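Novice: Have a look at the structure that comes next, please.
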Amino acid sequence: MSKISDIYLNPSTFVKMSRLRVLKIFNSYCRQINRVHVPQALETYFLELRYFMWHGCPIKSLLSSFYLENLVKLDMKCIKVEQLWNGCQPLVKLKEVDLSFSSLISCLDFSGSPDLKRLNLQYCEYLREISPSIQYLIKLDVLHLEGCCSLKGIPDCSGLNSLKELHLSWCSNLDMLPEMPCNIEVLWLDGTAIEELPLSTENLSRLQDLVLYGCKRLKSLPNSICKWKSLTTLDIDSCSKLNQLPNDIGALESLKDLHVGEDPIRDIPSSFIYLKNLDYLSLRGCKELTLSGFEFFPDNLRYLNLSDSGITELPEFPDGCLCSLIELDLSGTSLESIPASIINLSNLSDLVIRNCKRLKCLPKLQLRDIKAYGCTSLEVLPSLTFRLQNHIHAHFVNCFKLDQNIFEDIVEDALLNIKQVHYRTELCYPGSEIPKWFDFRSMGSFINVELPPNWFSNNFLGFALCVVTSDHPIDFEAKCSDCSIISWKCNFKSKDGHQCVRDKPWGSTLVYPNHVFVKSPILPFSLRELLCYENEVSFEFHLDSSSLKIEKCGVHLMFGEKTDGSSWVGEDEDVLSLANDHDNCEEKIEGDTQLIKISLGAMERLFHRDGGSISGGVRFHLRWRLPPWRWLIWLLRIRTANPARRRMSGRARIKLLLPGADCFERRSYLLPR
């Protein structure tokens, strides 16, 4: 009933459904809109009802309309009533209740539901109090009260020994926490008005996630923090009165993620070095922060966020320091330079320097991903080389002071590395010219490429594409309100005159005027499909913005090569290489049968050997790299120059002579034309 329009029920609709166990009425598009209308005197005999879901249920008194003693799960999100029932009700089988986003003023009495395990009252904005009966729900393991902005207090929870998760996020009027059970594992208190944590938190030895984001009145963390041996995530972002971290924070031996953003802390405790499992550290927006060195940062740290912090100078990176660091975010800082010793971060692959307006020079870098958006003072970049990983991203948006020759070198290094490792590349930088590395260039958004004869080989990776954008002469208001992305269309002409078109987006990269965009490799068709097309291809580029236009475009053919100089080939390419090598095969036409005799050298390229060598008199086992029918079809398709085959009608029969231990083994396959 989730997709139908409004329906109206008469009072006796459910009279004959006494054995109904599951009733679900909801709107999958908007859970707050109820489309099922019922009279208040609804007659029901649901003696066996187990699961009752009705989002936005209009019934004011649930018990007067339904028999609920066998109910196990109650889901009544978005109801508009203020009270579902009064007093204690014997719902002894009830295990889950979801009344989120409802208009309840006071919590129901659950003392008649001792087996209740999950209670969800999130975003009940008018809920002022929680029933004391909650203290006796000894099997309750999850309690959701987030977003209950009128809630000012919660009964003592210390006796709820089964409680694992307590969510109180954005209970903005909650200034006092209840006593906590010692087995709690997840405690979300973000956006509350608390000033301190209760004494019972000292015993939370199983606590794993503690979120205090946006607790603007919180003044300190308890001295017992060293007892939280299971804590893996600590979020104290935007706690504006928290001006220092506990000196013994290093005792949190399981801590993996630490968020300290926008706090007025000045330095890092020396015990930080003992956080041996720390993986992510965010000091984002810590305006008072100063760094005298990185000696207290643990070596296992992989992600460090210093964006929008108060640092004006980075200390040196000693050799061996932060040896596991993968990503460093310095966005929005007042740095003017980065020390050359950053090259000592042996595993650093991602550098983020968005909107570093005062940054003038970068040192020699070896990265996988660099984001330098809006570094308007950046002038010097001696060298940027790329690590051989699964992708390369380099974005220098609005870095107009950088030398254009640097970008030529970046493009060349990125695309040359594709010859060794087949990965993706996306580049963006200020400019008005197609890089010289591109063989085919054109003005405007359309380019037609006449490919050279026999251009397609077994190590073809795809096309590198490039576009240059510029402002379009329209009014300023449209230009300011427009943002755009690129899409491209590829058109191949087949040998029988048929045209095949592929139309795809460039990616999620936003487009800026007077910039060069490079993406590679693009393979619009599979290698098998490419064999069916003539040596002509065209690309057309589009922008979904009226304020920008494509000024120029370019295409380059990418061919791969392994690091040892051998060809980058896959299964299909092996077959293609064999079929184009006339020295590997001998063939002749016998009526409607084509006989192909394949040499031992060719066989080694088609098979993997499992022990022994392929030679006369030695028995060996072969494992097919491709099913025989698959690469035989390749042979038929490719060797079209033989006039005799062109005269073959109907279905073609191929006899394949395979080299065996002492002689050739004859196999015959009947293939479609």
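The values are calculated or read from the model by the stated rules, or taken from the named source; none is laboratory data. Remember, predicted model here, so these are calculated numbers, not experimental data. Here Cβ is always computed from backbone atoms with ideal geometry, including for glycine, and neighbour counts include all displayed protein chains.
Novice: Looking only at segment 195-207, how many residues end up being modelled with pLDDT of 90 or more and buried (at least 18 other Cβ atoms within 10 Å of the Cβ)?
Specialist: Selection size over segment 195-207: 3.
Novice: Only one of (1) over 24 Å from Phe559 (Cα atoms); (2) touching a strand residue (DSSP E or B) at 6+ places or on another chain (Cβ under 9 Å); (3) surrounded by 15 or more Cβ atoms within 10 Å (Cβ to Cβ) is not met by Lys360, so which one is it?
Specialist: (3)
Novice: Do we find a residue being at pLDDT 85 or above and either over 20 Å from Phe14 (Cβ atoms) or out of contact with any helix residue (DSSP H, G or I) (no Cβ under 9 Å at 6 or more places or on another chain) (or both) anywhere in segment 57-68?
Specialist: Checking segment 57-68: not a single residue is at pLDDT 85 or above and either over 20 Å from Phe14 (Cβ atoms) or out of contact with any helix residue (DSSP H, G or I) (no Cβ under 9 Å at 6 or more places or on another chain) (or both).
Novice: Among the residues of segment 380-391, is there at least one that is modelled with pLDDT of 95 or more, among the β-branched types (Val, Ile, Thr) and either out of contact with any helix residue (DSSP H, G or I) (no Cβ under 7 Å at 6 or more places or on another chain) or over 27 Å from Lys419 (Cβ atoms) (or both)?
Specialist: Scanning segment 380-391, I find no residue that is modelled with pLDDT of 95 or more, among the β-branched types (Val, Ile, Thr) and either out of contact with any helix residue (DSSP H, G or I) (no Cβ under 7 Å at 6 or more places or on another chain) or over 27 Å from Lys419 (Cβ atoms) (or both), so the answer is no.
Novice: With segment 356-401 as the region, which strands (runs of 3 or more DSSP E) entirely inside it contain at least 2 residues that are under 20 Å from Leu314 (Cα atoms)?
Specialist: The qualifying strands (runs of 3 or more DSSP E) are 365-367, 369-371.
Novice: If you take the residues in segment 1-25 that are outside any loop (DSSP other than H, G, I, E, B) and more than 11 Å from Val38 (Cβ to Cβ), which one is modelled with the highest pLDDT?
Specialist: That would be Val22.
Novice: A further question follows. Please state which of the following conditions Leu348 fails to meet, knowing it meets all the rest: (1) surrounded by fewer than 17 Cβ atoms within 10 Å (Cβ to Cβ); (2) under 21 Å from the mean Cα position of the chain (by Cα).
Specialist: Leu348 satisfies every listed condition except (1).
Novice: Please verify whether Ser545 is of a type in the set (Gly, Ala, Ser), in the same structural domain as Cys466 (by TED's automatic domain parsing), farther than 16 Å from Ser445 by Cα and within 29 Å of the chain's Cα centre (by Cα), treating the condition exactly as stated.
Specialist: Answer is no for this residue.
Novice: Could you tell me which numbered condition Gly159 fails, if it satisfies all but one of (1) out of contact with any helix residue (DSSP H, G or I) (no Cβ under 8 Å at 6 or more places or on another chain); (2) in a loop (DSSP other than H, G, I, E, B)?
Specialist: In the conditions (1) out of contact with any helix residue (DSSP H, G or I) (no Cβ under 8 Å at 6 or more places or on another chain); (2) in a loop (DSSP other than H, G, I, E, B), Gly159 misses (1) alone.
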